[in-house]
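Okay, structure first, notes after.
The values are calculated or read from the model by the stated rules, or taken from the named source; none is laboratory data. Predicted model only: the values in this text are computed from it and were never measured. Cβ placement follows ideal geometry from the backbone for every residue including glycine, while neighbour counts extend to all protein chains displayed.
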Amino acid sequence: MRTALGLPPTGLLTATLSNNVVSANETVPMLVFPDQQSYRGFRDAARARMGMAICFCSTLDECWLYSDRKPDVTPTQSSVEHCPRLGIDDAFDD
């Protein structure tokens, strides 16, 4: 990801939540940067080129979709019937 953005490699850590349960008020960092300079470089390079869509479901089978795939549009969160299962080719559609 950093190489595609033209940034030098750093100790960037990523996480996934697939098939895991997150308790109320628990947080799971999705991207962890080793320092503020690395974060700012990533943020500035990625701002116009990257977005994300996250679908999540509660233990009561209530599901929501968060999306900020368009950098010039306010992020949205909406209720959905279920979260789609994406193949690896669709999950990272660079």
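Observations on the structure shown:
- In the range 24-45, the residues that are within 23 Å of Phe56 (Cβ to Cβ) and surrounded by fewer than 10 Cβ atoms within 10 Å (Cβ to Cβ): Ala24, Asn25, Glu26, Thr27, Val28, Pro29
- Unmet requirement for Val32, which otherwise passes all of (1) outside the structural domain of Asn19 (by TED's automatic domain parsing); (2) under 24 Å from Asn20 (Cα atoms): (1)
- Scan the range 21-56 for residues that are assigned to a loop (DSSP other than H, G, I, E, B) and under 23 Å from Arg85 (Cβ atoms) and the total you get is 7.
- Once the range 14-23 is narrowed to residues that are under 22 Å from Leu60 (Cβ atoms) and surrounded by 10 or more Cβ atoms within 10 Å (Cβ to Cβ), the residue that is modelled with the lowest pLDDT is Leu17.
- In the range 26-35 there is no residue matching the filter, namely being polar (S, T, N, Q) and modelled with pLDDT of 80 or more.
- Checked against the criterion of being out of contact with any Phe, Trp or Tyr (no Cβ under 7 Å at 6 or more places or on another chain), at pLDDT 85 or above and in a loop (DSSP other than H, G, I, E, B), the candidates Asp61, Asp93, Asp72 yield just one match: Asp61.
- Cross-chain or 6+ apart pairs with Cβ under 9 Å, the range 71-90 first and under 21 Å from Asn19 (Cα atoms), then at pLDDT 85 or above and outside any strand (DSSP E or B): Ser79/Glu62; His82/Asp61
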